[in-house]
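Have a look at the structure below, then the notes.
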Amino acid sequence: MEDRDAFALKHLPGPRARPLLGLTVLMVEDSAYAAEALRLMCLRSGARIRRADCLKSARHHLQAYRPSVLIVDLGLPDGTGLDLIEEAAGRFPRIGAILALSGDPIGEDIAIAAGADGFLGKPVASLARFQSEILALLPAELRPENTECAEEEIIHPDPLAYRDDMAHIADMLSDGHEGKVLDYVAQFLRGVARSAQDTALAEAAAGLAQARAQGAPLTSPTARLAGLVQQRLCEAPPI
């Protein structure tokens, strides 16, 4: 257990104020920064959490056990989270609550059509919203009694997790600039930059996505994005 987790556990509220106590959450999320936010929310809410960073890993998890809650990012490195949602929705016995996760609001309708019970729009920062969304979707037999959601509180992930995401993308860009790679890079960075309120990076990622969609030259938007990623890697993280 990390030191910050041990500290947090000592200062957790009682069971009544941890409305997800006893539940297990499987989070399928490729961004270290977004995953850290959800991990902290689960810790504060009393839930146990496991993480998969791709479809392959998530399927291995689901073969071994059935979580109470499944949260699936729609944009994953080895495919779309919609496929996993459809598979999970057809399993018996069914997972208590299946939620889609995306920074693109248009993902909500297609996720619900694929079988998701609900949708979390990125960035997910409010602890109260996170708890209430899950509680509203859980079947009665899994919903804890006599609980209360947290007061409005914003969760701030460790900035080092953001650097981990930047390092991941820098490695991908150094390996080549193929179309599918750039599509994933643009989608990934747009989502994580929004979560971190990094406007410049989010706009650069959107610019690359637009250039791809229009069939425009990619050298300039790719170089701009790569430069911003390197800048963030060189910046000293706040202590």
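Would region 216-232 turn up any residue that is loosely packed, with under 12 Cβ neighbours inside 10 Å and modelled with pLDDT under 90? So far as region 216-232 goes, no, none of its residues is loosely packed, with under 12 Cβ neighbours inside 10 Å and modelled with pLDDT under 90. Filtering 190, 143, 129 for residues that are at pLDDT 90 or above and over 14 Å from the mean Cα position of the chain (by Cα) leaves a single hit, 129. Out of 100, 113, 167, 161, one residue alone is surrounded by fewer than 18 Cβ atoms within 10 Å (Cβ to Cβ), of a type in the set (A, V, I, L, M), modelled with pLDDT of 95 or more and within 24 Å of residue 197 (Cα to Cα). It is 167. Among the numbered conditions (1) open to solvent by 10 Å² or more (accessible area, probe 1.4 Å); (2) within 14 Å of the chain's Cα centre (by Cα); (3) over 11 Å from residue 27 (Cβ atoms), the only one that residue 50 does not meet is (3).
Checking each residue in region 80-109 for being in a helix (DSSP H, G or I) and farther than 20 Å from residue 34 by Cα picks out 83, 86, 87, 88, 89, 109. If the condition is being of a type in the set (A, V, I, L, M) and either touching a Cys at 6+ places or on another chain (Cβ under 6 Å) or not in a loop (DSSP other than H, G, I, E, B) (or both), then region 53-77 contributes 55, 58, 62, 64, 69, 70, 71, 72, 76. Would region 88-100 turn up any residue that is of a type in the set (Phe, Trp, Tyr) and more than 25 Å from residue 183 (Cβ to Cβ)? Yes, region 88-100 contains at least one residue that is of a type in the set (Phe, Trp, Tyr) and more than 25 Å from residue 183 (Cβ to Cβ).
The values are calculated or read from the model by the stated rules, or taken from the named source; none is laboratory data. As the structure is a computational prediction, the values presented were derived from the model and not from experiment. All Cβ positions, glycine included, derive from the backbone under ideal geometry; neighbour counts span all protein chains shown. Please note that ligands, DNA and RNA were not included when accessible areas were found on the heavy atoms of the full protein model with its side chains. Shrake-Rupley method; radii C 1.70, N 1.55, O 1.52, S 1.80 Å.
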